[in-house]
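For reference, the structure is listed below as structure tokens.
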Amino acid sequence: MVVIYQVYCPVKDMGSLRDGNWNVFFEPQIGEMLSCAHRKDAYFTLCVGGFKGRDLQAGMETFKIFLKNNFNVVLEQEERVEGCMLREAPLHLGTGNVLITGEAAGFMYLNGEGISAAIDSGYRAGQALAQAIKKGGDALELYRKNTADILQHIQLCRQKAHFLAV
């Protein structure tokens, strides 16, 4: 199980970090997962993650100091805080003509990011269903074939996850 902690601070000075970039860091003193920082509208969003039991509030403070000392980032007071726990789910693409997409199907990448896989798998599920309706065939099997590359990437991510542990 992985815990994710995210804060939103008004942008004061991004220092040497460039706007429009997703800045990713692997710093064991912050957490076992990647730490990231990026701008979302008027806010600078910071995200840290670790295994259940890690003090992520302390990790977030360490991350802020890391950004200040290494990139001259100046942050305003946090205005929003959120978090979640991620549990790796087994892959389950559906049953019959009912197809499951995104994180519900188990499509989640190494860093806990799932929206890109959700969009991609949703599109491919639609293609599989349309093909099954128009030309016949098993929608689930077509979907499984359509998502083979995503599934392969997910498996690779799961195999490599050990390198994040400290």
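Per-structure values
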read-out	value
Karplus-derived 3J(HN,Hα), 6.51/-1.76/1.60, for each residue of region 99-107, Hz, glycine and proline x	10, 10, 10, x, 4, 4, 8, x, 7
The chain - convex hull of alpha carbons, volume per residue in Å³	123 Å³
Residue-by-residue Karplus 3J(HN,Hα) for region 52-62, coefficients 6.51, -1.76, 1.60, Hz, glycine and proline x	3, x, 6, 7, 6, 5, 5, x, 5, 5, 5
Relative packing of 127-138, 49-60, which averages over residues the other C-beta atoms within 10 Å, highest first	49-60, 127-138
Contour minus Cα-Cα distance for Glu141 and Asp13 (0.36 nm per residue)	41.0 nm
Heavy atoms of Asp41: accessible area, 1.4 Å probe, square angstrom to 10	140 Å²
Carbon plus sulfur fraction of accessible area for the chain, probe 1.4 Å, in percent	53 percent
Heavy-atom SASA rank of Arg39, Arg87 (probe 1.4 Å, accessible area, largest first)	Arg87, Arg39
Heavy atoms of Ser35: accessible area, 1.4 Å probe, square angstrom to 10	0 Å²
Count of Lys pairs (Cα-Cα under 25 Å; at least 8 positions apart or interchain) in the chain	10
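The values are calculated or read from the model by the stated rules, or taken from the named source; none is laboratory data. This one's a predicted model, so the numbers in the text were calculated from it and none came from an experiment. Because the Cβ atoms are built from the backbone with ideal geometry, glycine has one as well, and the counts that use them run over all protein chains shown. For accessibility, only protein heavy atoms count, side chains too; no ligands or nucleic acids. Shrake-Rupley method; radii C 1.70, N 1.55, O 1.52, S 1.80 Å.
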